[in-house]
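Step one of this worksheet: look at the structure below.
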Amino acid sequence: MDSKDMSHMAELAAHTTAAMLQQLGLAGQGGLATAVAEPATAAINAVNKVSVQVPPFWSKDPDLWFAKVEAQFATANVTASSTKFNHILKSLDQDTVREIREVVRNPRRGHEYEDIKAELLEIFGQSQASKDAELFGLSGLGDRKPTSVLRHIRGLATDKEMLIRAFFLVQLPADIRKILAVQEFHSVEAMAKAADKSTRTAPPSKSLLCPTSPRTTPQQKVTQSQ
């Protein structure tokens, strides 16, 4: 029996207890009703508490870590933002907590989980522009298997729009790419407009100031040697 089934059985027991109290006319008698109902409620909370096993924070891949954690929350039927916040906080090491000290001390009431998640993704997450630059900066297999490289590429480019964005980014001068890499854009068009502004304010590149000499063809070399 998994944790979800256990939680369901505990909830069923609580509802059954409440129905029995109603039939016996004891629903309004606070002391007896509480004495009977509290164990069932405690059982639900205990099952949910035990079933959530949040792994240590993955600072190098926070998006995937949150996907795993939220799957556990869904399985254990954990919905309260403050409860999720507490589970997340327990999984963080000292250095990570220091990075988000303001959210830890002063989270918004009712939005504790949303605040700590946003802060962790802001600090440790990789921007889309950075993913694009990494995608087109890949240079061979290195010491990895081809299947490992393919998984890495899929992790960087999850849809067609990302591929277009990455291909566009690699066409830009290196100095413009550096400017765009620290920004977030809602579309490729917005990135292109930002690139337009950057190219207008940037100094001319060396290739424009010092054009390269035309390449000498083999026939020209033969003619020159004569």
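Structure summary
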item	result
Projected label distance in nm at residue 145 and residue 175, using a 7 Å step from Cα toward the beta-carbon	4.5 nm
Nonlocal amide H pairs with residue 80, under 5 Å, H built at 1.01 Å	none
Net lengthening on full extension, residue 58/residue 164 (0.36 nm per residue, minus Cα-Cα)	35.3 nm
Net lengthening on full extension, residue 68/residue 95 (0.36 nm per residue, minus Cα-Cα)	7.5 nm
Separation in nanometres of the label points that stand 7 Å from Cα toward Cβ, at residue 79 and residue 192	4.5 nm
Cβ-based exposure ranking for 186, 87, 111, in which fewest neighbours within 10 Å come first	186, 111, 87
Which listed pairs, of 90/117; 60/117; 60/84; 60/178; 60/145, have C-alpha distances above 18 Å, in listed order	60/84; 60/178; 60/145
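Read-outs: derived from the displayed coordinates by stated rules, not from any lab. As the structure is a computational prediction, the values presented were derived from the model and not from experiment. Don't worry about glycine lacking a Cβ; one is built from the backbone with ideal geometry, like all the others, and counts go over all protein chains shown.
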